Amino acid sequence: MFVRCRQIMSDDAIPISALQHWSYCPRQCALIHVEQVFADNVHTARGHAVHAVVDEPGAERSGTVRIERAMPLWSDRLGLIGKADLVEFEADGSAYPVEYKHGPRRQHRHDDLQLAAQALCLEEMTGRPVLAGAIFHFSSRRRREVAIDTALRGAVEAAAGAVRDLLSSPALPAPVNDARCRNCSLIDLCQPKVVAAKTRYHTLLDQLFET
């Protein structure tokens with residue numbers, strides 16, 4: 001198996017996890033990666049417990065497959081850096097990333113985007129195509145295979161650009177203030193209802209002064 005030696009990356013390399021955070025909520029992404037704030041709730045605690053299984057770097061073999069845990073990843077082309085929970089390497093060097101998640105499949109493709117970003121990093125590092133990976137849903141103990149197709153590849157590139165713009169912006173994005181907020185561990189820091197109400201108030205004032 002050949003993995004290209006890592007080049008020195010610039011200081012503006014984006015964590016792969018930021019793409020998943022941005023996909024879920026741009027304001028959450030900015031709070032974590034710009035403001036450097038974080039808080040735990042029951043969902044993040046469960047996620048930490050699941051990742052404890054694969055957070056310790058190591059390697060093992062299962063037949064002809066080499067399994068790498070907590071494997072560092074990077075892409076100079078996309079300016080991404082992070083790690084894969086688990087990567088399975090076939091005898092020919094083909095890579096198959098596996099991302100661990102504590103809950104059931106989500107309606108949106110936030111986790112798929114994160115997995116696809118790992119796949120693109122592995123392609124650059126190994127020089128081999130990565131056509132699929134899997135999300136391991138810990139609650140059901142089942143894998144869900146994800147095809148790393150053209151649409152998902154394009155979504156990763158678009159997300160990387162959007163996150164880079166967000167991280168260089170001096171202003172936090174507006175809160176979404178919808179159903180996503182209930183499960184977000186940053187709800188008390190974000191204050192989506194208060195911020196949204198304040199925004200509506202100032203919008204009304206502006207409209208009054210315009211008339």
Just one of A155, A151 is at pLDDT 95 or above, surrounded by 17 or more Cβ atoms within 10 Å (Cβ to Cβ) and within 18 Å of the chain's Cα centre (by Cα); which is it?
A155
Looking at region 3-26, can you tell me whether even one residue there is of a type in the set (F, W, Y), surrounded by 17 or more Cβ atoms within 10 Å (Cβ to Cβ), modelled with pLDDT of 65 or more and part of a helix (DSSP H, G or I)?
yes
Which of the residues that make up region 77-93 are within 12 Å of the chain's Cα centre (by Cα) and either in a loop (DSSP other than H, G, I, E, B) or among the small types (G, A, S) (or both)?
G82, A84
Which condition number in (1) at pLDDT below 95; (2) in contact with a Leu (Cβ under 6 Å, 6 or more places away or on another chain); (3) surrounded by 13 or more Cβ atoms within 10 Å (Cβ to Cβ) is the one that G47 fails?
(2)
State which residue is modelled with the lowest pLDDT when the search covers only region 113-142 and only residues that are out of contact with any Ser or Thr (no Cβ under 9 Å at 6 or more places or on another chain), surrounded by 16 or more Cβ atoms within 10 Å (Cβ to Cβ) and not aliphatic (A, V, I, L, M).
F138
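The values are calculated or read from the model by the stated rules, or taken from the named source; none is laboratory data. Here the structure is a predicted model, which is why all the values come from computation and not from measurement. All Cβ positions, even for glycine, are placed from backbone atoms using ideal geometry, and neighbour counts span all protein chains on display.
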